[in-house]
Structure formats: C-alpha cells, structure tokens
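Inspection log for the structure reproduced underneath, given as structure tokens.
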Amino acid sequence: MDWLVLSDAEWTAIRLSLRVSSVAMLVSLPFGIAVAMLLARGRFWGKSIVNGLVHLPLILPPVVTGYLLLMLFGRRGPIGSFLEETIGLVLSFRWTGAALACAIMGFPLMVRSIRLSIEAVDRKLEQAASTLGAGPIWVFLTITLPLIIPGAIAGMILSFAKAMGEFGATITFVSNIPGETQTLSAAIYTFTQVPGGDAGAMRLTIVSIVISMAALMVSEVLAGMAARRVERT
Amino acid sequence: MTLEVQTTHRLGGFSLDAAFSSDRGVTALFGKSGSGKTTLINIIAGLLSPDSGRIVLDGDIIMDSGNRSFTPPHQRRFGSVFQEARLFPHLSVRHNLTYGRWFAPANQTGQDFDRIVDLLGIEALLERAPTNLSGGEKQRIAIGRALLSSPRLLLMDEPLAALDEARKAEILPYLERLRDETDIPIVYVSHSVAEVTRLANRVVALEDGRVSASGDAATVLSLSALTSMIGRREAGCVIEANIEPDAGDDPRLTVIRAGETLFRVPKVSLPAGHAIRLHIAARDVLLAISAPQGLSALNIFEGRILEIGAEAQGAIDVRVDCGGNTIVSRVTAHSAERLALQAGMPIHVVIKSVALEQ
C-alpha cells in the first residue's frame with residue numbers, strides 16, 4: 001500500500017488548491033452578492049450586457065479567459081501594472097493569480113445561485129420592515145441577507161467546486177509552477193505527462209474526489225440548516 | 001392628532017382622486033374591492049409615490065408633490081398591518097415584535113412591551129417561530145409588531161380579510177381594546193360593514209377612486225347612497241345607542257335606548273350606559289299602516305315616512321323617522337303601491353332582528 005502515501009510535493013499541491021479555492025470563493029462572495037442584487041433588482045440601461053459579461057466565462061473556452069486575464073492582469077497589462085504600482089499586488093505567475101482565475105471562472109455559477117434566491121425573497125417582507133423604520137441598508141442586512149443565506153451557501157460551494165476543478169484558465173494565466181501555481185488539477189495533468197506517473201495521478205484523483213464529496217456534504221448540511229430557519233408556511 | 005390626505009394617482013385605467021382628514025380614533029376607508037382603498041393606504045404608508053398629493057400629520061408635512069418633498073416610509077413612523085401578516089420567517093415571534101424598536105428614536109421609549117403582549121394575548125407564543133402559528137395568531141403578532149415600533153399612526157389594510165369567521169371574532173376584541181386603550185389614530189381599510197360598524201369612529205366611503213361620503217360612522221353607514229356599495233343584503237341603518245339601566249319586565253331581555261326609542265333585544269351582559277351600535281338591515285324591517293297585532297317581533301315602533309327611495313330591482317328603500325332615529329325598510333315596489341306609501345305618512349315599523357356591534 002506504499003503507493004497510497006502522498007509525497008511532500010503532492011501535499012503542497014493539495015494545500016495550494018485548498019487555499020486558492022477558498023480565497024477565490026471568499027473574495028468573490030461580496031462581489032457575487034452585489035452583482036446578483038444588481039441583476040435581480042436593478043433596472044438600468046445595459047443590464048443585459050452586464051448579465052452577458054458575468055456569464056461569459058461559462059461559455060468562453062477557458063484558455064481564452066486565461067489569455068484575456070494574462071493580457072489585462074499580466075505585469076505589463078493595464079490592470080496588472082496598476083495593481084503592482086499602487087498596492088504591490090502581483091498576480092501573474094503567483095498563487096493569487098490562480099485564485100483570480102478560479103474566482104472569475106466560478107463567478108457566473110455563484111451569481112446565478114444568489115440571484116435566484118434574491119428573486120425568491122418576498123418583497124412584501126422588505127416593505128413591512130421599511131414601515132417598521134428600517135432604512136434600505138438595514139432592510140438588506142436584517143431581512144434580505146438572512147433570507148438568501150441558503151442560496152449564498154449553494155453559490156459558494158459551486159464556486160469552490162469550480163475552483164477545485166479549474167485548469168485551462170489557470171494554467172494559461174499563471175502557468176504550472178510547483179509550489180506556487182501548481183494546483184491539484186495541474187499536478188494530476190503533470191503526472192499524466194511523465195512516464196510512471198500513474199500512481200501519483202491516482203492518489204491525487206482520490207484526494208480530489210474526497211474533497212469534492214466533503215464540500216458537497218457540508219453544503220447540504222449548511223443549506224438544510226439555513227432553510228429550516230427561513231422556511232415559510 | 002390630525003391627519004390630512006389629498007392625492008391623485010393614475011394606475012393603468014384606474015384613477016384615484018381622494019381627500020380626507022381624520023383625528024383620534026379609527027377612521028375606516030370603506031369600499032368595494034377595486035375602489036382604491038389599498039392604493040390610498042399604500043400612498044399614506046409611503047410604499048407608493050402618487051402622481052400628486054399632500055399628506056400632513058399634525059402640521060408635519062409627510063409628503064407634498066407641490067414642493068417635491070417625500071418622506072420615505074422608514075422615516076414616517078406609520079405602523080402598518082397588512083392583509084397577510086408578513087412576519088419575518090427567520091426571526092422568532094419575540095424578535096419580530098421588537099424589530100421596530102431598533103429603529104425607533106431613542107427618546108421614544110414607545111409602547112411598553114409587556115402591556116402590548118398582554119393586550120394581544122401572545123405571551124405563550126414569544127419564543128416560537130412564526131411558521132407554525134395560526135392565521136389569527138400571526139395577525140395578532142403583526143399588530144403587536146406595528147404597535148411596538150412606536151408609530152405616530154397605525155395603518156391597517158384589511159387585517160381580517162384573510163381570516164375565517166372564527167379567527168375574525170378572535171381578533172376583533174383586540175382591535176377594540178387597541179382603539180379604546182391607546183392614543184394612536186388608526187386608518188382602517190375594509191369592505192366589511194360588520195367590521196366598520198363595530199370599529200370605526202369615522203367612515204370615508206370610496207367608490208371608483210373617489211370619496212363618495214365621509215363623516216361620522218353611523219351617519220355615513222346609513223346613507224342610502226351607500227346601498228349599492230354595501231351590497232343589497234347588508235344595507236340598512238346604523239344607530240348609536242346605550243344600554244338602559246332598567247332591564248324591563250323580562251330578565252331574559254336587555255333594553256337599549258336610542259333617543260326616545262327603546263329597543264328590546266335578547267339578554268346581553270353589558271353594563272348600563274355602555275355605548276353600542278345597532279345595525280338594522282333594511283330587509284329585516286317591515287312596514288304596516290295600522291298597528292299590527294299578534295306578531296312575534298319584539299320591536300314595533302310608530303314613525304313617519306321621511307323619504308321613499310327610487311325603485312331598484314323591484315324593491316324600494318323607505319326611510320322612516322322613529323323618535324329621532326332613521327330606520328330604513330326595504331319593501332317591494334308592489335307593496336309600496338298597494339299601501340300607497342308617501343312621504344310624511346304615519347307608519348308602523350316592525351323590526352325582525354337587530355344586530356349589536358359593541
């Protein structure tokens with residue numbers, strides 16, 4: 001059973017993948033809620049364009065998304081050079097860039113899930129809250145937000161799962177550097193490209209399945225708890 | 001407390017053009033569905049911004065389209081109770097009740113929590129989730145929640161309409177206590193004559209977005225012009241009366257005085273002098289040109305015909321003055337001709353049943 005023991009390099013890839021996916025999920029959450037609110041409630045010119053842009057990573061080939069990221073967020077790209085000069089944040093060929101690529105790829109799934117739950121919120125409850133003295137921000141924080149928690153959890157898990165599996169955009173944008181940008185998927189790919197890498201690929205595949213199942217089960221439990229709290233007659 | 005409302009609003013093919021004012025007590029906005037009651041109360045609450053209008057509460061301008069001022073709903077402090085309770089499903093009953101407190105001005109300690117909980121009889125429900133409560137319980141909590149936000153005005157939009165008769169009977173006494181024990185003026189939307197008769201001090205009758213009558217409840221509800229609105233079955237007169245201290249010769253009856261007229265009704269356990277409203281449906285009143293003999297009816301009065309209404313569906317409403325009270329009787333056009341009824345003619349009125357609204 002020696003072939004089941006994970007090497008240090010493999011552990012590094014697993015830890016990196018978990019970190020990249022978690023950061024991608026958490027950082028995109030506030031943006032996801034904001035964009036979902038905008039799309040669910042906003043009435044403005046160009047809404048279908050915003051909607052299209054959000055969904056673009058879902059239909060574009062991941063390599064195209066990765067290449068666009070490289071052009072925009074690379075060290076010589078307009079946004080990349082600005083970020084480096086102002087806050088010293090370098091994205092290209094760093095794990096932070098991998099997190100950005102994963103966040104972008106998972107964003108449409110997250111927004112979709114949250115948007116559906118916002119549209120299911122009974123606006124009459126928000127009206128009732130406003131007649132009780134709650135201003136728009138308080139109505140959002142005390143009524144809307146708690147009621148969309150099940151949708152937000154589902155969106156977070158989808159985003160996390162997408163990030164765990166992301167390959168094309170990540171490898172195009174930040175390459176496949178062991179210890180810095182080599183995520184689980186990239187490591188499995190690397191194993192398949194070298195002679196005798198089958199055992200390593202198998203080990204990481206099992207790890208990958210375990211993490212995905214665990215994420216799914218945690219989301220079921222959390223969503224069930226949240227749904228019980230907000231269920232209606 | 002004086003509320004003045006004047007507004008016009010157009011919504012598709014419907015136009016609302018209404019003005020009324022109210023002071024302490026319950027003002028009922030009364031009319032059929034589609035008459036604009038809910039639109040009007042939503043405008044007062046600030047949930048709907050009208051095309052034009054002006055709302056003033058005690059000299060405080062809440063909104064005025066003339067100078068483009070508009071106070072958003074959360075700054076109006078007008079507690080609202082809607083047709084459906086709209087309780088927050090993620091909060092316990094206690095937290096639903098205290099929700100408005102977070103936003104009430106600090107110097108406004110507002111209504112005492114325990115007193116309101118006691119008034120509405122919801123003590124046992126405080127720690128429950130709103131999901132599994134009955135419709136009547138939910139509506140009582142919604143009323144408590146509005147009261148505890150220390151409102152300057154209470155708006156109620158058909159709060160009983162979604163409930164069955166038993167649940168209505170459960171809540172009406174609480175609404176009466178609310179009217180009698182708090183100083184908050186209430187605007188109450190309803191299409192039910194029974195509710196309005198029982199609760200309202202003043203009535204504003206709405207018809208097709210226009211105010212067709214307004215004023216003292218008993219007067220407005222008796223107006224023959226309202227017959228078409230009230231529905232022919234319920235139309236009649238409403239008389240303000242008091243329980244007479246002298247119970248008369250039969251202990252199974254209660255005597256009620258309205259002006260010079262004494263009504264006898266089956267025993268009710270109310271103290272002498274208690275104010276009460278009598279609702280007498282026109283279809284329950286018979287007319288006789290000579291004193292009738294050997295009838296089972298308890299209440300037979302002599303009066304004089306004031307007015308003979310126009311014929312509608314073969315029936316005529318006859319308004320009779322009995323000792324200062326106007327009683328309406330509905331007779332067939334045929335009977336009116338046979339008896340040769342005319343204004344000024346002396347007549348006997350036979351009342352089959354009297355509904356008491358406390």
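Structure notes:
- Top-ranked residue in segment A:132-174 [being more than 20 Å from A:A214 (Cβ to Cβ), away from every other protein chain (no Cβ under 14 Å) and among the aliphatic types (A, V, I, L, M); ranked as surrounded by the fewest Cβ atoms within 10 Å (Cβ to Cβ)]: A:I171
- Scanning segment A:107-129 for residues that are of a type in the set (K, R) and either away from chain B (no Cβ under 14 Å) or crowded, with 23+ Cβ neighbours inside 10 Å (or both) gives A:R112, A:R115.
- Which listed residue, of B:R68, B:R54, is basic (K, R), at pLDDT 90 or above and either farther than 28 Å from B:D118 by Cβ or under 23 Å from the mean Cα position of the chain (by Cα) (or both): B:R54
- Residues that are facing chain A (nearest Cβ under 8 Å) and either of a type in the set (D, E, K, R) or within 25 Å of B:T131 (Cα to Cα) (or both), drawn from segment B:77-86: B:R77, B:G79, B:S80, B:F82, B:E84, B:R86
- Count of residues meeting criterion [of a type in the set (D, E) and touching a His at 6+ places or on another chain (Cβ under 9 Å)] in segment B:22-53: 1
- Out of B:V328, B:V349, one residue alone is in contact with an Asp or Glu (Cβ under 6 Å, 6 or more places away or on another chain) and either of a type in the set (K, R) or buried (at least 18 other Cβ atoms within 10 Å of the Cβ) (or both). It is B:V328.
- Residue match in segment B:281-291 (condition: of a type in the set (G, A, S) and in a loop (DSSP other than H, G, I, E, B)): yes
- All positions within segment B:176-188 that are within 14 Å of B:F82 (Cα to Cα) and more than 8 Å from the chain's Cα centre (by Cα): B:I186, B:V187
- Residue satisfying condition, being hydrophobic (A, V, I, L, M, F, W, C), under 26 Å from A:L184 (Cβ atoms) and touching a residue at least 12 places away in the same chain (Cβ under 8 Å), within set A:V50, A:V23, A:V64: A:V23
- Whichever residue in segment A:175-205 is free of Cβ contacts under 8 Å to residues at least 40 places away in the same chain and β-branched (V, I, T) and, among such residues, is farthest from the other protein chains (Cβ to nearest Cβ): A:V194
- For segment B:86-111, residues that are closer than 23 Å to B:D157 by Cβ, of a type in the set (A, V, I, L, M, F, W, C) and at pLDDT below 90 total 2.
- Those strands (runs of 3 or more DSSP E) lying entirely in segment B:1-64 with at least 2 residues surrounded by fewer than 23 Cβ atoms within 10 Å (Cβ to Cβ): B:3-11, B:14-22, B:52-57, B:60-64
Quick grid of which residues meet (1) more than 14 Å from chain A (Cβ to nearest Cβ); (2) crowded, with 18+ Cβ neighbours inside 10 Å:
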| residue | (1), (2) |
| --- | --- |
| B:L97 | no, yes |
| B:P105 | no, no |
| B:R115 | yes, no |
| B:L126 | yes, no |
| B:S134 | no, no |
| B:L155 | no, yes |
| B:D164 | yes, no |
| B:D180 | yes, no |
| B:P185 | yes, yes |
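- Here A:R76, A:R15 are screened, and the one residue that is part of a loop (DSSP other than H, G, I, E, B) and exposed (fewer than 14 other Cβ atoms within 10 Å of the Cβ) is A:R76.
- Selection within segment A:1-60 - among the aromatic types (F, W, Y) and modelled with pLDDT under 95: A:W3, A:W11, A:F44, A:W45
- Cβ pairs under 9 Å, 6+ apart, first in segment B:286-299 and within 20 Å of B:L262 (Cβ to Cβ), second aromatic (F, W, Y): B:L298/B:F263; B:N299/B:F263
- Residue list for segment A:174-194, filter: over 29 Å from A:G155 (Cα atoms) and either modelled with pLDDT of 90 or more or in a helix (DSSP H, G or I) (or both): A:T190, A:F191, A:T192, A:Q193
- Test: A:V139 is modelled with pLDDT of 90 or more, in contact with a helix residue (DSSP H, G or I) (Cβ under 9 Å, 6 or more places away or on another chain) and closer than 30 Å to B:R145 by Cβ: yes
- The C-beta contact set for segment B:156-180 (first residue in the same structural domain as B:F30 (by the TED database) and touching a residue at least 12 places away in the same chain (Cβ under 8 Å), second residue surrounded by 13 or more Cβ atoms within 10 Å (Cβ to Cβ) and among the basic types (K, R), distance under 7 angstrom, 6+ apart or interchain) comprises B:L160/B:K168; B:I171/B:R140; B:L172/B:R198; B:Y174/B:R140.
- Strands (runs of 3 or more DSSP E) fully within segment B:183-267 that include at least 1 residues being modelled with pLDDT under 85: B:210-216, B:236-243, B:253-258, B:261-266.
The values are calculated or read from the model by the stated rules, or taken from the named source; none is laboratory data. If you're wondering where the values come from, they're calculated on a predicted model, not measured in any experiment. All Cβ positions, even for glycine, are placed from backbone atoms using ideal geometry, and neighbour counts span all protein chains on display.
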